[in-house]
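Read through the structure below, which is laid out as C-alpha cells, and then see the notes.
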Amino acid sequence: MKLWLAIAVLAVWAGLACFGWLLPLNPSEIDLTRILMPPGADAWLGYDDLGRALWDRVAVGARYSFFVAIFVVSISAVVGTAIGAVSAYLGGWLDHVITRIIDIFLAFPGILLAIALAGVLGAGLGNVVIALTVVGWVGFARLARAQVLAQKSREHVQAAIALGARRRRILLRHLLPLIGASLIIEATFGVAAVVIAEAGLSFLGLGIQPPAPSWGSMIRDSSRYMLVSPHMVIVPGMALMLVVIAVNTLGDALRDRLDVRLRGGRASSTN
Amino acid sequence: MIAFVLSRLSSALLVVFGVSALVFLLIHAIPGDPVEVMLGETSQPADREELRHALGLDQPLPVQMLEYYRRLLHFDLGTSLYSRRPVAQILAERIPATAELAVAGLAAALLFALPLGVIAAVRRGTPWDSGAMMFSMLGVSIPNFLMGPLLILIFSLWLGWLPVSGREGLASLVLPALTLGTALAAILSRMIRATLLETLAEDYILTARAKGLPWHRVIFHHAMRNAMLPVITLLGLQLGALLAGTVITEIVFSWPGIGQLTIESIHRRDYPVVQACILLISVTYVLVNALTDLAYGWLDPRVRLRQSDRGAA
C-alpha cells in the first residue's frame, strides 16, 4: 500500500471514530424489508440478517476499534516505558525482578492472556481495554529497558550525572528523547495489534457486546449466512484489513525514516 | 554446552513457575465472589460453601497457592465444574486435535514461506519479489478469524472442495492448517528473504560462484545453511502466536481441541478448565522456546558463548 493511501485510510478511520456521531448513523435500526440485501445503488454496503445497514454498523464499529486502540496503546506505552526505563536506569535487584516479570508475561503466547483475562473479568468495553493493556505494556517495557541500557553510558548522560542532574531529569530529558523514535514505531505497530486483538476478542464473544457493532462480532455473526450473503463477512473484513494494512504501512514508513540502525547509528544524536 | 543447557532450562523452569502463579491468580481476578459467578446468582448458600471449600477458596491465599503447586506437581488439575470429570482427563482427550492442527499449521507455513522467501531473494526487484512481499503483507494483516471464513467461503462454499468445519479425515485439516499457517508463512518468508539477501552478499558466496558452482547449489548448500539460523529463532518465538492462533482457528472450524475447550469453558464459567487450558498452552510455549534456544545453541556455537556472557553480567 502506498503511504498516501495508508494515511487516507487512517484519516477516514479516525474521522469516522471522532466525528461519526455527526452523521445520521443507525447501527441498530431494523428494516425487515431489506434483510440480507446485498450492496447496491440504494443499499450502500448492504444489510445484515436482521435488516440492519452494514455501512452504519461498520462506521460505528470504527469508533470501537479506534478508541480501544488509542486507549490501550497510550496507557501501555506510558506504563511500559516508565517501568522499562526506570528498571534499566536503576539496575540492581529491581531490574532483576522486573526483567523476570517481563519474561513471565512474554511467556503467554500472543492474545492468550487477554483471552483468559477477558474471559475471567467478563465481556465488555472496559474489560477489553484492561485485558489488552495488561498484555500490551510488556512490549514497551522490554523495548524501553533495552534502549535505556544501550544509551545510558553515552557521554551526554554521563555529563548530566556529573553535573548533578536528578534521576528524573536524566530519564526524561536526556534518555527519553533518544529512545522516542523506537517507541513511536512500536506504538504504531501496537495499534495494528490492538485492532486485531479487539476484533478477535469480540469474535470470540469476549469483547464488545451486541447490539453494539464491533468488526469482530460482525464477522462472527456473518458465518451462518456466508453462502447467501458473503457481503456480511466481506464488508467488516475489508474494513479491518484496510486499517491494519494502513497502520502497518505507516509503521514501515516510520521505521525507514526514524530508525537509527538504518542510518548507521549516527543520526540518533539529531533526534 | 552443559552450562548453557542448565542455565536455559533453569530459567525456563522459573518462567513456568511464574506463569503458573499468574494463572493461579487469574481466578482471583473475577470481580466479586468467584463462587457466586461460577454458580450463578440464584445458587443456594450451602452449595456455594461446598464449592468454595472444594476449590480451597476458604483458605488463606498462601495456603491455596502451596496446595495449587502441590497438585500441579502431581498433574492434578482439579475437577471440571461443568462435567464433574477430572480436568487432566478432559485435556488429554483434546490434546491430539490441537497438536495435529499446530503441526499441520507449521507445515503449511514452511511450505509457503520457504519457496516464497527464496524466490523473493533470488529474483530480487522483479515482480516475483513484489508478489511475494505483497502476499506477506496480506498474510500478516488478515487475522485468523477473517482468513478462516474467507477460506471457507472460497474453498468450501463456492468451490465445494473441502469440508466447512469439524474434524473428519485429512481434508478437514487443510483449511484450518492454512488459516493457522498464513500469518506465520508471511512473517517467515520476509525473514527468509532478508537473511538470504544478507548471506548472498557475503564473500564466501562470491567464492562459491567464482568456482563455477551452479546457482541452486550455491543457494541451497552454501547460503541457506547460514540464512536459516535467524529463521529458526524467529520460528521459536512465533510458535507462541501459532499456539494462541489455534484458539481462534478452532472456534472458526469447530475443531475439537484445547482452544475450543478454552472458549467453551469461559462461556460456561468452568474456571478450573480455563486455568488448565491457559497453563497448558503457555507451558508448551515456554518449553518449545527453550528447546529452540538449545537447538540454536547447538547449531551455532556463538550463541551459547553470548548467552553465558549475558548470564554472567
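Averaging over all projection directions, the Cα-based convex hull of the stretch A:1-95 occupies 10.0 nm² in the image plane.
Considering only B:Met228, B:Pro272, B:Val103, and ranking their Cα positions along the charge dipole of the stretch B:87-312 that arises from unit charges at the beta-carbon of Lys, Arg, Asp and Glu, the one farthest toward the positive end is B:Met228.
Please report, largest first and rounded to whole Å, the three semi-axes of the ellipsoid equivalent to the stretch A:113-271, where each semi-axis is the square root of five times an eigenvalue of the C-alpha gyration tensor.
On the way: eigenvalues 345, 75, 16 Å².
So the equivalent ellipsoid measures 42, 19, 9 Å along its semi-axes.
Answer rounded, prolate or oblate for chain B, using the Cα gyration tensor with square roots of eigenvalues a ≥ b ≥ c: rounded when a/c is under 1.5, else prolate when a/b is larger than b/c, else oblate. Verdict is oblate for chain B. Taking the alpha carbon gyration tensor of the stretch B:90-151, multiplying each eigenvalue by 5 and rooting it gives semi-axes of 31, 15, 6 Å, largest first.
When you restrict to C-alpha pairs under 8 Å that are six or more residues apart and normalise by the size of chain A, the relative contact order lands at 25 percent. Tally Lys and Arg at +1 and Asp and Glu at -1 over the other residues with C-beta under 12 Å from the C-beta of A:Asp95: what net charge comes out? Taking every other residue near A:Asp95 into account, the sum is +3.
Looking at chain B, which longest stretch skips every one of the GluC sites (Glu not before Pro) that is in a DSSP loop with at most 10 other Cβ atoms within 10 Å, leaving the sites themselves out? Here the longest segment lacking exposed loop sites spans B:169-313.
Hey, got the average number of other protein chain Cβ atoms within 10 angstrom for residues in B:147-154? Before the final figure, lay out each step's value.
Working: counts 2, 4, 11, 7, 0, 4, 8, 1.
Averaged over the peptide's residues, the number is 5.
Percent of Cα-Cα pairs more than 33 Å apart in chain A, please. Walk me through the numbers before you get to the answer.
On the way: 11736 of 36585 pairs.
Considering chain A, 32 percent of its Cα-Cα pairs are separated by more than 33 Å.
The share of alpha-carbon pairs in the stretch B:4-65 lying farther apart than 13 Å comes to 70%. Overall shape: rounded for the protein assembly as shown, with the ratio a/c of the largest to smallest alpha carbon gyration tensor axis below 1.5. For the stretch A:1-159, just run the numbers: alpha carbon Rg, then divide by 2.2 N^0.38 Å, N being how many residues it has. So the Cα radius of gyration is 1.46 times the expected 2.2 N^0.38 Å.
Taking the Cα centre of the protein assembly as shown as origin and charging only Cβ (+1 Lys, Arg; -1 Asp, Glu), how large is the dipole, in debye to the nearest 20?
Charge dipole, the protein assembly as shown, about its Cα centre: 2280 debye, nearest 20.
Select from chain B the helices, each a whole stretch of DSSP H, whose alpha-carbon atoms run 24 Å or more along the helix axis and whose Kyte-Doolittle mean is at least 0.0; answer none if there are none. What comes out of the filter, once short or polar helices are dropped, is B:2-26, B:87-122, B:171-200, B:224-252, B:271-299.
Trypsin sites (Lys or Arg not before Pro), restricted to the stretch B:194-301: which are DSSP loop and have at most 13 other Cβ atoms within 10 Å? Show your work: numbers first, answer last.
On the way: sites: B:Arg209, B:Lys211, B:Arg217, B:Arg225, B:Arg268, B:Arg269; in loops: B:Lys211, B:Arg268, B:Arg269.
Qualifying residues, ordered by number: B:Lys211.
Across the stretch B:203-301, counting alpha-carbon atoms alone, Rg and Dmax equal 20.8, 67 Å.
Each Lys and Arg Cβ is given +1 and each Asp and Glu Cβ -1; about its Cα centre, chain A then shows a dipole of about 1360 debye.
Residues B:His53, A:His231, A:His174 in ascending order of nearby Cβ atoms (within 10 Å, fewest first): B:His53, A:His174, A:His231.
About its Cα centre, the dipole of the stretch B:87-312 is roughly 580 debye, where the only charges are +1 on Lys and Arg Cβ and -1 on Asp and Glu Cβ. Our note on the geometry: Cα centres of the stretch A:112-157 and the stretch A:1-67, 31 Å apart.
For the stretch B:86-176, the relative contact order is 20 percent, taking Cα pairs closer than 8 Å that sit 6 or more residues apart in sequence and dividing their mean separation by the residue count.
What net charge is computed for the residues neighbouring A:Gly119, neighbours being all others with C-beta under 12 Å from the C-beta of A:Gly119, Lys and Arg scored +1, Asp and Glu -1? Residues near A:Gly119 contribute 0 overall.
Helices in chain A that qualify as membrane-span-like (whole DSSP H runs, Cα extent of at least 27 Å along the helix axis, mean Kyte-Doolittle hydropathy of 0.0 or higher) are A:54-90, A:125-151, A:176-203, A:231-258.
Read-outs throughout are calculated quantities, based only on the coordinates presented, and are distinct from any laboratory measurement. Only a predicted model underlies this, so the values are computations on that prediction, with no experimental measurement involved. Positions of Cβ are backbone-derived with ideal geometry, glycine not excepted, and every protein chain shown enters the neighbour counts.
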